[in-house]
Amino acid sequence: MRSLLEARRLVAMALDRPFETVGEIATIGKVQGWDSIGHISIVLALEKQIGRMLRPEEIGQLESVADIAAILAISTDCVAKPSLGG
């Protein structure tokens, strides 16, 4: 899954950790540096990548690499699909 790989890269870069240390099942508190301060870095990196601010409820639900991958997938789908409205 491309989004999962992107999410791992994003977390690793935001936390200044080697990519290999961020597994597919990584969660907050289980990766060195992914504490409350690290979480802010991840949120900011994710917002930059998707080009919008996250809603407070989205931020509260970000607890794992899989959660980040889900937001990346949704954001990619929204960008990839042109609007049919006029």
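Throughout, read-outs are computed from the coordinates displayed, never taken from laboratory work. What you see is a predicted model; the values in this text were computed from it and never measured. Note that we place each Cβ from the backbone using ideal geometry, even for glycine, and neighbour counts take in every protein chain shown.
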*List the relative contact order of segment 2-80 as a percent without decimals, with contacts defined as Cα pairs under 8 Å and 6+ residues apart.*
40 percent
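Using the C-alpha gyration tensor of the chain, what are the square roots of 5 times its eigenvalues, in whole angstrom, with the largest one first?
On the way: eigenvalues 113, 38, 21 Å².
Calculated on Cα positions only, the semi-axes equal 24, 14, 10 Å.
Could you sort 34-42, 47-55 so that the peptide with the highest average Cβ count within 10 Å comes first and the rest follow in order? Don't skip to the end; give the middle numbers.
Values: 34-42: 15.7, 47-55: 13.1.
Those peptides, ordered most packed to least, come out 34-42, 47-55.
Multiply the residue gap between I40 and T27 by 0.36 nm, knock off their C-alpha separation, and tell me the result in nm, one decimal place. Display every interim value, and only then the final one.
Values: separation 13, 0.36 × 13 = 4.68 nm, distance 1.42 nm.
Extra length available between I40 and T27 comes to 3.3 nm.
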_Acute angle (nearest 10 degrees) that the helix 36-50 long axis makes with the longest principal axis of the chain, alpha-carbon atoms_ = 30 degrees
